[in-house]
1. Helix-derived [θ] at 222 nm for the chain: sum -39500 (n - 2.57) over DSSP H runs of at least 4, divide by residue count, nearest 500?
2. Roughly speaking, what is the stretch gain from E139 to I38, that is 0.36 nm per residue apart minus the C-alpha to C-alpha distance, in nm to one decimal?
3. Comparing T76, T114, T49, which has the greatest mean-square fluctuation in the GNM of the chain with Cα pairs linked when under 10 Å apart?
4. Just name one of Q20, I97, I131: the one whose Cα is farthest towards the positive end of the charge dipole of the chain (beta-carbon charges, Lys/Arg +1, Asp/Glu -1).
5. State the extension gain, in nm to one decimal, for the chain segment bounded by D57 and N100, taking 0.36 nm per residue of separation less the distance between their alpha-carbons.
6. Contour minus end-to-end for K67 and F8, with contour as 0.36 nm per residue of separation and end-to-end as the Cα-Cα distance?
7. Fewest first, what order do Y59, Y96, Y69 take by the number of other Cβ atoms within 10 Å?
8. Taking only C-alpha pairs under 8 Å that are 6+ residues apart, what is the relative contact order of segment 2-140 in percent?
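What follows is calculated from the coordinates using simple rules that are stated; it is not laboratory data. This one's a predicted model, so the numbers in the text were calculated from it and none came from an experiment. We place every Cβ from the backbone using ideal geometry, glycine too, and count neighbours over all the protein chains shown.
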Amino acid sequence: MWVINQKFILTVLLLLVGGQFLWLFSTWVQVNIAWLDIPLHFLGGVMVTAFFFYFLDKYPEVFDVRKNYLISLLFTASFIMLIGVLWEFYEFVADYIQRNILNSGLMEMQLEDTLFDLFNDLIGGILTAAIYLRSKFRELN
């Protein structure tokens, strides 16, 4: 399945790292391409889910995703949100350092931005999980 393909995971990871560097180190990008944050969080959800299923495919004794579709989706969503919340802490710390230590940051963290970021993480991850789990359940039938 392409979702757990190492090339797919690496491609998404490279897109995320490149986008993150653009976002963090370019004031022009933060001002003129502010919407870049949305696809980056969507891709983050995709990558976290792909890595999650890659791990579970390598170690099926940890959790068998093929047993119950709804439980698997809920378990996956919980993992996506855990990573998303940890990422938001990272963004908060990076923003704090840029504004207060380096005196160069433009962004100010707001609750709306954080919740929208988590929503995009979840949407990207849930869509990827639904595609993957659907193919797994088709294999069983």
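1. Working: 5 runs with 106 residues, N = 141.
Taking each H run of at least 4 residues, the total per residue is -26000 deg cm²/dmol.
2. So the chain would gain 33.0 nm between E139 and I38.
3. Greatest mean-square fluctuation among the candidates belongs to T114.
4. Towards the positive end, the residue furthest out is I131.
5. Here the segment from D57 to N100 would lengthen by 11.1 nm.
6. Values: separation 59, 0.36 × 59 = 21.24 nm, distance 2.53 nm.
Extending this stretch completely gives an extra 18.7 nm.
7. Y59, Y96, Y69
8. Relative contact order, segment 2-140: 37 percent.
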